[in-house]
Amino acid sequence: MKKMLMILLAVIAVSGYSVAQKPCDAFTTNDITWYGLDFSFAKMIGSGFESPTIVKNNLFNSWNMLFVNEAKKFDLAKYFSKSNVSNNLDIVTDRNSKVDETKLITFSSTDTANINQDIIKNAIKSYSTKNDKGLGLVFFVESFNKFKETATISVVFFDIATKNVLVIKQMKGIAAGIGVRNYWAGGIFKILQQCQNSYSGWKKEFCN
């Protein structure tokens with residue numbers, strides 16, 4: 001009897017590392033880990049950006065820190081109806097540091113990052129999430145396009161243990177603000193507001 005109980009407890013413990021296996025779990029799981037803004041495939045399009053080195057070495061981190069330093073405004077728990085959000089920005093910080101800055105900025109209005117679902121899924125598979133478990137959330141930045149004054153970002157929920165992508169939603173937000181950092185922070189904020197407005201519809205889409 002004792003042996004059977006130990007086996008049962010072991011099964012429960014193991015299963016705890018993979019609580020989000022279906023797309024619906026992205027909406028029914030209350031605790032998430034936020035992995036930040038992944039700029040590894042991003043394009044900065046049009047005028048107004050500082051040097052690619054400054055964008056890569058300073059602004060990538062500054063935009064990610066919005067969710068830490070301005071947590072009341074960039075409140076992921078509120079926008080995604082979650083009870084608790086923990087942060088792990090180590091992975092995107094490393095990935096963003098390896099971006100090829102010579103290909104980061106373009107002045108062609110037709111140039112895009114062309115991020116598709118396979119690219120996102122392969123990227124998630126490479127994430128070194130270590131002891132994290134449960135539901136992960138990351139934003140893949142496709143472009144900050146000054147011609148269109150629009151930020152385009154793929155919102156991605158994934159199961160941390162298996163690295164299985166559960167939900168991908170491409171969102172667009174109109175940028176607004178003074179200075180490069182704040183201007184595109186405005187676009188990110190608009191996307192968060194749209195996510196909040198779309199959340200119940202997404203839940204119906206994936207949970208019905």
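Taken together, the values in this text are just the output of simple stated rules run on the coordinates, not laboratory data. Everything numeric here is computed off the predicted structure, so don't read it as measured data. Note that each Cβ is placed from the backbone with ideal geometry, even for glycine, and that neighbours are counted across all protein chains shown.
Using the Karplus equation 6.51 cos²θ - 1.76 cosθ + 1.60 (θ = phi - 60°), what ³J(HN,Hα) coupling, rounded to whole Hz, does each residue of segment 166-174 give in order, writing x for Gly and Pro? Taking θ as phi minus 60°, the curve returns 9, 9, 10, 10, 7, 10, 10, x, 6 Hz for segment 166-174. When peptides 57-66, 39-48, 120-129 are sorted by average Cβ neighbour count within 10 Å, with the highest value leading, the order is 39-48, 57-66, 120-129.
Within the chain, DSSP assigns beta bridges of which about 60% are antiparallel (rounded to the nearest 5).
Set the bar at 25 Å for Cα to Cα. Now go through LYS73/LYS98; LYS146/LYS203; LYS125/LYS169; LYS125/LYS148; LYS22/LYS204 and name every pair that lies beyond it. From LYS73/LYS98; LYS146/LYS203; LYS125/LYS169; LYS125/LYS148; LYS22/LYS204, over 25 Å: LYS73/LYS98; LYS146/LYS203; LYS125/LYS148.
Computed about its Cα centre, the charge dipole of the chain is approximately 460 debye, with only Lys, Arg, Asp and Glu carrying charge at their Cβ. Over all distinct Cα-Cα pairs of segment 21-120, the Kirkwood formula returns a hydrodynamic radius of 15.4 Å. With pairing defined as another cysteine C-beta under 4.7 Å, the cysteines of the chain that fail it are CYS195. For Cα pairs less than 8 Å apart in space and 6+ apart in sequence, what is the mean separation divided by the residue count of the chain, i.e. the relative contact order in percent? Dividing the mean separation by the residue count of the chain yields 28 percent. A simple spin-label model places the labels of ASN182 and SER128 3.8 nm from each other, with each point 7 Å out along Cα-to-Cβ. Annotation for segment 78-110: chymotrypsin sites (Phe, Trp or Tyr not before Pro) lying in DSSP loop with at most 13 further Cβ atoms inside 10 Å of their Cβ are PHE107.
Which value results for Rg/Rh of the chain when Rg is the Cα radius of gyration and Rh the Kirkwood radius based on the inverse mean 1/r? On the Cα set of the chain, Rg over Rh gives 1.02. Once you reduce segment 37-57 and segment 134-155 to the center of their Cα atoms, the two points are 12 Å from each other.
Taking amide hydrogens as placed 1.01 Å from N in the peptide plane, the amide H of MET171 sits under 5 Å from those of ILE153, SER154, VAL155, each at least 5 positions away in sequence or on another chain.
Backbone N atoms of segment 17-61 closer than 17 Å to the 7 Å Cα→Cβ label point of LYS148 belong to residues 41-47.
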